[in-house]
Amino acid sequence: MVGYYDVVLGLIPVTLIGLTALLVGGGLPLWLSVPLSSTVAVGLIGHAMFVNGPEPAAVPEPAADVPASSGHRPAD
């Protein structure tokens with residue numbers, strides 16, 4: 001199944017190449033089209049990292065009979 005991050009990874013080169021070609025075809029010079037396309041790609045990366053970032057890993061809770069500050073766990 002394709003996830004959000006797979007789509008973002010696929011859109012980065014599509015944005016860099018496709019949007020640059022579209023802008024050059026529309027009459028903008030290459031020296032302006034590449035930075036504009038790169039800005040959109042960086043926006044995609046920023047969204048994937050900070051707005052819709054990965055979930056933190058679940059941390060197991062300490063045992064109830066041992067104080068959390070002791071750092072020791074009972075042997076099983």
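The values are calculated or read from the model by the stated rules, or taken from the named source; none is laboratory data. Computed from a predicted structure; not experimentally measured. Cβ sites come from the backbone with ideal geometry, for glycine too, and all protein chains shown count toward neighbours.
Remark: pairs (first residue in the stretch 24-48, more than 21 Å from VAL7 (Cα to Cα); second residue of a type outside the set (A, V, I, L, M) and in a loop (DSSP other than H, G, I, E, B); Cβ separation under 9 Å; 6+ apart in sequence or on different chains) = SER33/GLY26. When each of VAL66, VAL51, VAL59 is tested for being at pLDDT 75 or above and either more than 20 Å from the chain's Cα centre (by Cα) or of a type in the set (Val, Ile, Thr) (or both), the lone residue that passes is VAL51. Among the residues making up the stretch 1-48, those that are assigned to a loop (DSSP other than H, G, I, E, B), exposed (fewer than 14 other Cβ atoms within 10 Å of the Cβ) and at pLDDT 95 or above are GLY26, GLY27, PRO29.
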